1. Please work out if Thr72 is out of contact with any strand residue (DSSP E or B) (no Cβ under 9 Å at 6 or more places or on another chain), among the polar types (S, T, N, Q), buried (at least 20 other Cβ atoms within 10 Å of the Cβ) and part of a helix (DSSP H, G or I).
2. I need a count of the residues in segment 176-219 that are surrounded by fewer than 16 Cβ atoms within 10 Å (Cβ to Cβ) and of a type in the set (Phe, Trp, Tyr).
3. What are the pairs, 6+ residues apart or on separate chains, where a residue within segment 50-61 that is free of Cβ contacts under 8 Å to residues at least 12 places away in the same chain and assigned to a loop (DSSP other than H, G, I, E, B) has its Cβ under 8 Å from a residue that is open to solvent by less than 60 Å² (accessible area, probe 1.4 Å) and not polar (S, T, N, Q)?
4. Have a look at Glu267, Glu263 and point out the one that is part of a helix (DSSP H, G or I), more than 15 Å from the chain's Cα centre (by Cα) and farther than 14 Å from Val169 by Cβ.
5. With (1) in a helix (DSSP H, G or I); (2) closer than 17 Å to Leu252 by Cα; (3) touching a Pro at 6+ places or on another chain (Cβ under 7 Å); (4) not β-branched (Val, Ile, Thr) as the list, and Arg92 as the residue in question, which single condition is left unmet?
6. In segment 36-45, is there at least one residue being part of a helix (DSSP H, G or I), in contact with an Asp or Glu (Cβ under 9 Å, 6 or more places away or on another chain) and over 30 Å from Ala218 (Cα atoms)?
7. Would you check if Asp265 is under 26 Å from Leu65 (Cα atoms), out of contact with any strand residue (DSSP E or B) (no Cβ under 7 Å at 6 or more places or on another chain) and open to solvent by 20 Å² or more (accessible area, probe 1.4 Å)?
8. So in segment 112-123, with the set limited to residues that are of a type outside the set (Gly, Ala, Ser) and within 22 Å of Leu47 (Cα to Cα), which one is most open to solvent (accessible area, probe 1.4 Å)?
Amino acid sequence: MREVLRVPGGSGVDLSSYDAKATPAGPRDKAAGLAATAHMGEHLADLQERLWAASTAGDRRRVLLVLQGMDTSGKGGTVKHVIGLFNPSGCRITAFKAPTHEERQHSFLWRISRALPEPGEIGIFDRSHYEDVLVARVRALAPRKEIARRYGKINRFEKSLADDGVTVVKVFLHISYDQQRRRLLKRLDNADKHWKFNPGDIEDRALWPAYQKAYQIALDRCSTPEAPWFLIPADRKWYRNWAVSKLLLEHLEALDPRYPKAEFDVEESRARLLQGS
């Protein structure tokens, strides 16, 4: 899946060429997809435990899942359905909102650095430092020259993470314009979902072409060997969840974390416990 979904950086990304309803290399249908995702749960949990256990012996490796996408693309749903397969005590989830007054006094990467996972952890970013080249570009929140410099800063930052043992898994959840409308209407039709609706989302839909252009530039300039982008068609929720789970599974399998060997005499400890039993 890493090769199937990987975005080739520097080749001029055209999002209109990607079908948001597609299910590349996926299960045959929704039922099979749900079953396959559930089946991965035990293996994912085992690998997470091994990653955490390895950190107790000095292994600095950890995983950072970056989720980006237009509103309703499923960032929160991915956290709920995919990260729910892990032990929450080993996960560090951060949902980035508009920067606070304090955060605006620092570099745009400052608040990101403070939220990074510790060794052995799996970190999840619901939005990320990419907001500073996406929303900032579309809404002209910073000078264009400054935004242009940020792509290079992001690449250097992510390379430094990789050099420090962070496996960066960047996922763009690709949703179609029509599917976003359907999901927004569902929120309006259900009073229990009104809290999830933001009238500002309608304004952002008017800027859809500008956002697509901003994403294309970010995916093109920031898909690097150390931290490539993966594009996941997100119109079908079951496929989205399966694909993100599969990506995480492949990355954790590649890390192949091992339980540390005991630094004490196992047999002596066993004998002491059995003494007088």
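1. Values: out of contact with any strand residue (DSSP E or B) (no Cβ under 9 Å at 6 or more places or on another chain): yes; among the polar types (S, T, N, Q): yes; buried (at least 20 other Cβ atoms within 10 Å of the Cβ): yes; part of a helix (DSSP H, G or I): no.
No.
2. 3
3. none
4. Details: Glu263 fails: part of a helix (DSSP H, G or I).
Only one candidate passes the filter, namely Glu267.
5. (1)
6. Residues of segment 36-45 part of a helix (DSSP H, G or I): 36-45.
If we keep only those that are in contact with an Asp or Glu (Cβ under 9 Å, 6 or more places away or on another chain) too, we end up with 43.
Remaining after also requiring over 30 Å from Ala218 (Cα atoms): 43.
Yes - at least one qualifying residue is present in segment 36-45.
7. On the way: under 26 Å from Leu65 (Cα atoms): no; out of contact with any strand residue (DSSP E or B) (no Cβ under 7 Å at 6 or more places or on another chain): yes; open to solvent by 20 Å² or more (accessible area, probe 1.4 Å): yes.
When the stated conditions are applied, Asp265 does not pass them.
8. Initial filter on segment 112-123 (of a type outside the set (Gly, Ala, Ser)): 112, 114, 116-119, 121-122.
Going one step further and asking which of them are within 22 Å of Leu47 (Cα to Cα), we end up with 116-119, 121-122.
Numbers: Leu116: 30, Pro117: 5, Glu118: 96, Pro119: 33, Glu121: 21, Ile122: 2 Å².
Only one residue fits best here, namely Glu118.
The values are calculated or read from the model by the stated rules, or taken from the named source; none is laboratory data. Keep in mind that this is a model prediction, so the values were computed, not measured. A quick note on method: Cβ atoms are made from the backbone with ideal geometry, for glycine too, and the neighbour counts reach across all protein chains shown. The area values use the complete protein model at the heavy-atom level, side chains included, leaving out ligands, DNA and RNA. Shrake-Rupley method; radii C 1.70, N 1.55, O 1.52, S 1.80 Å.
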